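Report on one structure; see the data block that follows.
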Amino acid sequence: MRLPKHTAIIMDGNGRWAEKRGLPRTAGHKAGAETLKKIIAYAQKKGIEIITLYAFSSENWKRPPEEVQTLMNLFRTYLKNDVNELMKKGIRVSFIGEREKFDADLVEQMNRLERQTADFKGFHVVLALSYGARNDIINAARQLAAKAARGQLKPQEIDESFFSAHLSTADLPAPDFIIRTGGEERLSNFLLWEAAYAELYFTPVFWPDFNEEELDKALESYAKRERRFGGLKIKQKV
Ligand code: FPP
C-alpha cells in the first residue's frame, strides 16, 4: 500500500468528546494525550517516516486560563515522561511554533529533546506548539526582508525553495497527507504553505476516539488517491 511519507494531524474534538460524556473539557485533553501516544506508536509501526501533530495553535492562548493551564501541565508531563520514552526508542523529536511563549522549563525540555534526538533516523515526530502558519510565513518574510535590506539578497533570488528554507518546517518535506478529526473541514492556520499539494482527510471522529483502525481507514483512503501535483496523470508504483 502506498503510504504518505509525511502525515500531519489536526487533533480536534477533545472538548466535545468530554462534553458528550458530561466531563470537563480538560478530561478530553487528557484522553487526547493518551490517543496521541497510541497513534505515534502505530504510525511508526506502519512505516510512516514523519508525523506532525497540531497540539496547540497560536490562537489557543485565548482559551480560558484553566484550560490553557491544564494543557501546559499535560505538555510538561508529556515532555518529561512520554517523550523521553520516544527518545529511548530512537525517535527524533522536534517542535515548530513560538517556543519562547512557553515557561522556561518547557522551553528547556524542548531544546534538550531536539538536541538529544537530532541524529536519530527512521521516524520523526514533530509537535506543533503555539504554531500558526501565517505567523511562520511572516517570520520568513521578515528574515528575507532583513537580508535584502542589508544588501545580502536580491529580490529575484527569492524562489519557492529559498522561501521554504526560511520557514520553521525548513528541514521537513511537505506533508503528503493531512488528517483532521472532530468533524470540521478546514486547515485552521496549520501548515498553509506546506499543504499546497497535500491530500486532505476529514473524519467526524473526535480525537480521543481516533484509534489504529481509524488511522488505517485514513491511510487506505490516501493509498487510493492519485497525486498529480498539477501535472498530468502518471503511472505510479503501488
Ligand atoms: C482540539 O480540541 C485540541 C487541542 C486544542 C489540544 C490538543 C491536545 C492534545 C491532543 C493533548 C495533549 C498534547 C500533548 C502534546 C501532550 P478542542 O479542544 O478544540 O475540541 P473541541 O473542538 O471539541 O472544543
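The values are calculated or read from the model by the stated rules, or taken from the named source; none is laboratory data. Since we're looking at a predicted model, the values are computed, not measured. No Cβ is skipped: glycine too gets one built from the backbone with ideal geometry, and neighbour counts run over all protein chains shown. Just the protein is used for accessible areas: all its heavy atoms, side chains included, with ligands, DNA and RNA removed. Shrake-Rupley method; radii C 1.70, N 1.55, O 1.52, S 1.80 Å.
Kindly indicate whether any position in segment 50-61 is farther than 25 Å from residue 103 by Cβ and either in contact with a helix residue (DSSP H, G or I) (Cβ under 8 Å, 6 or more places away or on another chain) or buried (at least 22 other Cβ atoms within 10 Å of the Cβ) (or both).
Checked against the condition, which is being farther than 25 Å from residue 103 by Cβ and either in contact with a helix residue (DSSP H, G or I) (Cβ under 8 Å, 6 or more places away or on another chain) or buried (at least 22 other Cβ atoms within 10 Å of the Cβ) (or both), segment 50-61 yields at least one hit.
Just one of (1) open to solvent by less than 50 Å² (accessible area, probe 1.4 Å); (2) more than 16 Å from the ligand (Cβ to nearest atom); (3) of a type in the set (D, E, K, R) trips up residue 224, so point out which.
That leaves (1) as the condition not met.
Please state which of the following conditions residue 195 fails to meet, knowing it meets all the rest: (1) open to solvent by 40 Å² or more (accessible area, probe 1.4 Å); (2) within 18 Å of the chain's Cα centre (by Cα); (3) of a type outside the set (Asp, Glu).
Result: residue 195 fails condition (1) only.
Can you find a residue that is of a type outside the set (A, V, I, L, M, F, W, C), away from the ligand (no atom under 16 Å from the Cβ) and on the phi > 0 side of the Ramachandran plot anywhere in segment 190-197?
Taking every residue of segment 190-197 in turn, none turns out to be of a type outside the set (A, V, I, L, M, F, W, C), away from the ligand (no atom under 16 Å from the Cβ) and on the phi > 0 side of the Ramachandran plot.
Only one residue in 111, 139 is part of a helix (DSSP H, G or I), within 18 Å of residue 52 (Cβ to Cβ) and away from the ligand (no atom under 15 Å from the Cβ). Which one?
Details: 111 fails: within 18 Å of residue 52 (Cβ to Cβ).
Residue meeting the stated conditions: 139.
Quick grid of which residues meet (1) of a type in the set (Asp, Glu); (2) open to solvent by less than 40 Å² (accessible area, probe 1.4 Å); (3) assigned to a helix (DSSP H, G or I):
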{"position": "128", "(1), (2), (3)": "no, yes, no"}
{"position": "148", "(1), (2), (3)": "no, no, yes"}
{"position": "173", "(1), (2), (3)": "no, no, no"}
{"position": "186", "(1), (2), (3)": "no, no, no"}
{"position": "200", "(1), (2), (3)": "no, no, no"}
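Can you find a residue that is open to solvent by 70 Å² or more (accessible area, probe 1.4 Å), farther than 18 Å from residue 123 by Cα, more than 8 Å from the ligand (Cβ to nearest atom) and assigned to a helix (DSSP H, G or I) anywhere in segment 30-47?
yes
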